[in-house]
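The values are calculated or read from the model by the stated rules, or taken from the named source; none is laboratory data. On a predicted model such as this, the values are computed, not experimentally measured, just so you know. Backbone-built Cβ (ideal geometry, glycine too); neighbour counts: all protein chains shown.
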Amino acid sequence: MNARFLWIGLLLFGALLLAGCGSKDTLVPTVPEGAQAGELTGLEACEFQPAASKVRYAAECGTLVVPENWDVDGSRLIALPVTRIPARGANPAEPVFYLLGGPGLPNRPWIVPDWLLEDHDVVAVGYRGADGSVVLECPEVKRLIKAHEGKDLYSEQARAEYASATKKCAATHQAAGVDLSGYTVPGIVEDMEAARKALGYDRINLYSLSFGTRTAQIYAYMHPDSLHRLVLIGVATPGSMLTDPADLDESIEYIGELCAKDAACSSRTGDFARTMYEVNHNMPERWLFFKIDPATIRLSIQMFMTDSKYMPMTFDAYLAAAEGDPSGLAMLNLIAKVMPLEQLFGDQVNKVGTLDKERYGGIESISLGDSIMGSPMAEAIWPAMEGWPFELVSKDLREYQETDVEMLLVDGTLDVSTLPTWLDEASTYFHKAQIVLLPEFGHTGDVQTFQPEAFERLITSYYDTGVADDSLYVYQPLSFEPGMRLTVIARLLVAAMVVLPALLILGVLLGVRRIRRRQTIKS
């Protein structure tokens, strides 16, 4: 009974945290008989419903047929889904092509705001390797990660198992006839370009998020004349999937400066960054009978810190641990076990590795070492890549390239996924880039949802005029006071594990007692 109640509690909490992050099943497109590369077939009226949403759009859906490898003559054909939501206005401007991040996630649009559809078609072309007739999934790797998560996520044995399973996964796909070298970001760009032509558009706008901004940058290098204006939110740069622990430390030190100005936070620690360092380097192995895996905790912290509304909860767990109460960290450890792995592992590895594999300097370059928290997300991906057969894309596409394509680069000062410090370097190559850095905003979710009217003004003004108007934004300080405390949840779960079984036993005893009384009365 104890395990059952614990599992139910964690599933409910995990579902709360992940609300809106699920994916909606769609039919897998196939290559129509006789279709040619670049053809958009079967485009007809359909209803599009974003994942985890009740909103429905009148749309058009079709199948784009493209070569599996754009660089190989006679490459076999694959099929990708295409969804177009038509503009509602009579005279639409350039369409907006959507580019989700990840990588390893399907390219399915978010809830498209009415203000964007007022003047623009919105188009989503499925990502090769994540959508369509070929999906690069590695279920055996995911099973291993979940088996080690919460226990010994980054142990040498775990890493060796990940690498071995990754190698087998790649071999399985190759045995099925998949040309892995075709499933790259430049391949995605050519797919988008084929869709642009098939839909009859002269030039298009791009709306890109996180790793999707890397695709947008490469699109600007490969086909600048096809592009009108680009919006890049949470800007990923060459090598960004290998975040240097020192860069991440700088972000945490900035958070420490904010803590020092906050009365509640500063009353609990005189040096927030040092507190995180001490906890990560001296983490207890358990709380009561709950396991705590330091690697799982660090990964969970970086994942939760992508959204600033979860930051206070994670900060509180660290501060409580420094005060001698690691129960919040134990809850993070348990939550990690029930959180699904959304990314398609093979697709993620292939797209990241073909761009940045040569930058990987070994596990020592991204592990905890003497840093505050290492580079947990990089630690989760790169060691497992050892078994994957990479064919790097051309060098010019792996590096920054100068471009005159108009771009709007948007990020938050608290973004720990695509660090805002990277923008200065990027801006030296992007000659017509405007930068909007939002104080105390986190990753892409914060940018899109925190101040919706200001965000609408920012994006519409840029697409319409080429000048980004950020005048409606107001300063919104980071809160260090959590809406829910993991330490409280931990105690509630322990109480449930003790009290509920006790009540059940008491109920059984009372039932038996009543039955015996009735039998005594009858006799």
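Cβ-Cβ distances below 6 Å connect the following pairs, each with a first residue in region 164-180 that is over 23 Å from Leu77 (Cβ atoms) and in contact (Cβ under 8 Å) with a residue 40 or more places away in the chain, a second residue that is among the small types (Gly, Ala, Ser) and assigned to a helix (DSSP H, G or I), and a separation of six or more residues or different chains: Thr166/Ala384; Thr166/Gly387; Lys167/Gly387; Cys169/Gly346.
Does Gly256 qualify as being in a helix (DSSP H, G or I) and surrounded by fewer than 23 Cβ atoms within 10 Å (Cβ to Cβ)?
Values: in a helix (DSSP H, G or I): yes; surrounded by fewer than 23 Cβ atoms within 10 Å (Cβ to Cβ): yes.
So Gly256 fits the description; yes.
Please go through region 173-197 and pick out each residue that is polar (S, T, N, Q) and part of a helix (DSSP H, G or I). Gln174, Ser181 - these are the residues of region 173-197 that are polar (S, T, N, Q) and part of a helix (DSSP H, G or I).
Can Ala336 be described as among the aliphatic types (A, V, I, L, M), closer than 16 Å to Met276 by Cα and part of a helix (DSSP H, G or I)? Explain how you work it out, then say what you get.
Working: among the aliphatic types (A, V, I, L, M): yes; closer than 16 Å to Met276 by Cα: no; part of a helix (DSSP H, G or I): yes.
Criteria not met by Ala336.
Going by what's in this entry, would Leu116 be described as of a type in the set (A, V, I, L, M, F, W, C), assigned to a loop (DSSP other than H, G, I, E, B), farther than 30 Å from Met283 by Cβ and touching an Asp or Glu at 6+ places or on another chain (Cβ under 9 Å)?
Numbers: of a type in the set (A, V, I, L, M, F, W, C): yes; assigned to a loop (DSSP other than H, G, I, E, B): no; farther than 30 Å from Met283 by Cβ: yes; touching an Asp or Glu at 6+ places or on another chain (Cβ under 9 Å): yes.
When the stated conditions are applied, Leu116 does not pass them.
Table: residues versus (1) hydrophobic (A, V, I, L, M, F, W, C); (2) buried (at least 19 other Cβ atoms within 10 Å of the Cβ).
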{"site": "Lys395", "(1), (2)": "no, no"}
{"site": "Thr418", "(1), (2)": "no, yes"}
{"site": "Trp422", "(1), (2)": "yes, yes"}
{"site": "Glu425", "(1), (2)": "no, no"}
{"site": "Lys432", "(1), (2)": "no, no"}
{"site": "Pro452", "(1), (2)": "no, no"}
{"site": "Glu456", "(1), (2)": "no, no"}
{"site": "Gly466", "(1), (2)": "no, no"}
{"site": "Arg491", "(1), (2)": "no, no"}
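On the given criteria, is Glu137 closer than 30 Å to Ile363 by Cβ, at pLDDT 95 or above and either in contact with a Gly (Cβ under 8 Å, 6 or more places away or on another chain) or part of a strand (DSSP E or B) (or both)? Yes, satisfied. Tell me, please, whether a residue that is among the aliphatic types (A, V, I, L, M) and crowded, with 16+ Cβ neighbours inside 10 Å can be found in region 265-275. There is at least one residue in region 265-275 that is among the aliphatic types (A, V, I, L, M) and crowded, with 16+ Cβ neighbours inside 10 Å.
Determine whether region 133-142 contains at least one residue that is over 28 Å from Pro284 (Cβ atoms) and without any contact (Cβ under 8 Å) to a residue 60 or more places away in the chain. Within region 133-142, one or more residues are over 28 Å from Pro284 (Cβ atoms) and without any contact (Cβ under 8 Å) to a residue 60 or more places away in the chain.
Among the residues examined, Asp446 does not qualify as farther than 24 Å from Lys351 by Cα and either assigned by TED's automatic domain parsing to the domain that holds Gly353 or of a type in the set (Ser, Thr, Tyr) (or both). Return the residue satisfying two criteria in turn: it lies in region 203-237 and is over 21 Å from the mean Cα position of the chain (by Cα) and in a loop (DSSP other than H, G, I, E, B), and of such residues it is nearest to Asn350 (Cα to Cα). Ranking the qualifying residues of region 203-237, first place goes to His223. Among the residues that make up region 361-378, is at least one of them acidic (Asp, Glu) and either closer than 19 Å to Leu344 by Cα or in the same structural domain as Phe450 (by TED's automatic domain parsing) (or both)? Among the residues of region 361-378, not one is acidic (Asp, Glu) and either closer than 19 Å to Leu344 by Cα or in the same structural domain as Phe450 (by TED's automatic domain parsing) (or both), which makes the answer no. Of note, Leu334 satisfies the criterion of being touching a Leu at 6+ places or on another chain (Cβ under 9 Å) and surrounded by 20 or more Cβ atoms within 10 Å (Cβ to Cβ). Could we say that Tyr201 is in contact with a helix residue (DSSP H, G or I) (Cβ under 9 Å, 6 or more places away or on another chain), outside the structural domain of Gly387 (by TED's automatic domain parsing) and aromatic (Phe, Trp, Tyr) here? The answer is yes for Tyr201. If you go through region 455-507 and keep only what is at pLDDT below 95 and among the polar types (S, T, N, Q), you end up with Gln476, Ser479, Thr487.
Yes or no: Ala171 out of contact with any helix residue (DSSP H, G or I) (no Cβ under 6 Å at 6 or more places or on another chain) and crowded, with 18+ Cβ neighbours inside 10 Å?
Working: out of contact with any helix residue (DSSP H, G or I) (no Cβ under 6 Å at 6 or more places or on another chain): yes; crowded, with 18+ Cβ neighbours inside 10 Å: no.
So Ala171 does not fit the description; no.
Against the conditions (1) more than 22 Å from Gly445 (Cα to Cα); (2) assigned to a loop (DSSP other than H, G, I, E, B); (3) in contact (Cβ under 8 Å) with a residue 60 or more places away in the chain, Gly200 satisfies every one except (3). In region 296-317, which residues are more than 17 Å from the chain's Cα centre (by Cα) and either free of Cβ contacts under 8 Å to residues at least 24 places away in the same chain or surrounded by fewer than 24 Cβ atoms within 10 Å (Cβ to Cβ) (or both)? Of everything in region 296-317, those that are more than 17 Å from the chain's Cα centre (by Cα) and either free of Cβ contacts under 8 Å to residues at least 24 places away in the same chain or surrounded by fewer than 24 Cβ atoms within 10 Å (Cβ to Cβ) (or both) turn out to be Pro312, Met313, Thr314, Asp316.
Being over 24 Å from Lys168 (Cβ atoms) and loosely packed, with under 14 Cβ neighbours inside 10 Å is the filter here; which residues of region 370-391 pass it? Spell out the reasoning first.
The first filter runs over region 370-391 and keeps only residues over 24 Å from Lys168 (Cβ atoms), leaving 370-376.
Hit for region 370-391 is Asp370, nothing else.
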